[in-house]
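Asks: Before anything else, here's the structure in question.
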Amino acid sequence: MPKDKKRKPASPSSRGAGRPGGRKASTPRPRTPSAGTGRSKKSAAESTEGMRLNKYVAHCGVCARRQAAEFIKEGLVTVNGEKVLEPFYQVQKGDVICFRGKAIKPEEKKAYILMNKPKDYITTVNDERGRHTVMELLKGKVRERVFPVGRLDRATTGLLLLTNDGELAQKLAHPSHKVKKVYHVVLDKPLDAAALERIRQGVELEDGPAPVNWADYDGKGKNEVSLEIVIGRNRVVRRIFEQLGYEVRRLDRVYYAGLTKKDLPRGFWRHLTEKEVIMLKHFT
């Protein structure tokens, strides 16, 4: 039986990770498994025919399905030159689909990137106000079109996942999967024991209760706290403390869906290992 052919090693320019200014991290770039391992390959036309439009847009690496539905309703997606405002339109063979005027096609290779987001970068693909986005940190270094999974506000730092795997992004973002996230919080003043207990019991916010899995002091003083949540509402961690009369001075996500910041400095990114990708898919 002939021996398996060895893969050529990745060229030095394709390894590693990056940060603002183009400097590369010393962490080697792990090989990312291709999508659909173990399945028979189909052409793009065969695999997308009959697919809902919002799912098609997600598979093209534009965004997750939920966001794709919003883009479609806003008229940012066209099919054969015509705006289609219904996310459930079924894609037909030969359809030419464009997003913001540019033709899009499903990504053949899946990419999974973990970033330690720096402060003052927003987690969107584009920003009409010209602010820095996390996509700038990947510019010229990642061939695949990827998008952030979930959001961190501009002032929040820490773990952010970017991918072109719309299916995985949808699952990670869905509340039913209860993806765990741990935040380290630095407050403007010491948190008293009564306030900490209220957080543990779940603070009532204007949009409903904000349950936490656990919360505890974490640092030299009582103005530093860590907590774990599974909810993903807008600015929820900051609002929990604001409700109790505290101001969040620094907020850092240190754990996300089984991933940590180990060996990943602020502003750097890396591709997930094969084991990490499998773990994430098992997570959902």
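Asks: Pulled fully out, how much extra length does the chain show between E82 and I231, if you take 0.36 nm times their separation in residues and subtract their Cα-Cα distance?
Replies: 49.9 nm
Asks: Let me ask another. Tell me, what is the FRET efficiency for T273 and E136 to the nearest 0.05, using R0 = 25 angstrom and their Cβ-Cβ distance as r?
Replies: Computed FRET efficiency for T273 and E136 comes out at 0.50.
Asks: On a 31 Å Cα-Cα criterion, which of the cross-link pairs K171/K220; K222/K262; K261/K281 come out too long?
Replies: Over 31 Å apart, Cα to Cα: K171/K220.
Asks: When the label point is put 7 Å from the Cα of K220 along its Cα-to-beta-carbon vector, which residues of region 140-180 have a backbone N closer than 13 Å?
Replies: The answer is none, because no backbone nitrogen lies closer than 13 Å to the label point.
Asks: Could I have the simple spin-label model distance between K262 and R143, label points 7 Å from Cα toward Cβ, reported in nm to one decimal?
Replies: 3.1
Asks: Compute the length gained on full extension between Q90 and K73: take 0.36 nm times their separation in residues and subtract their Cα-Cα distance, giving the result in nm to one decimal.
Replies: 4.6 nm
Asks: Right, something else. What distance in nm separates the simple spin-label points at K178 and E49, each placed 7 Å from Cα in the Cβ direction?
Replies: So the label points at K178 and E49 sit 4.2 nm apart.
Asks: Which of Y56, Y256, Y89 has the fewest other C-beta atoms within 10 Å, and how do the rest follow up to the most? Before the final figure, lay out the partial values.
Replies: Numbers: Y56 27, Y256 23, Y89 18.
Starting with the residue having the fewest Cβ neighbours, the order is Y89, Y256, Y56.
Asks: I want to make sure I understand the PRE zone here: with the label point 7 angstrom from the Cα of K109 toward its beta carbon, which residues in region 115-129 have backbone N atoms less than 14 Å away?
Replies: The answer is none, because no backbone nitrogen lies closer than 14 Å to the label point.
Asks: A further question on this structure: Tell me, in nm to one decimal, what length is gained between K119 and E204 on full extension, where the rule is 0.36 nm per residue of separation less the Cα-Cα distance?
Replies: 27.8 nm
Since every read-out is calculated from the coordinates, none of them should be taken as a lab result. This one's a predicted model, so the numbers in the text were calculated from it and none came from an experiment. Don't worry about glycine lacking a Cβ; one is built from the backbone with ideal geometry, like all the others, and counts go over all protein chains shown.
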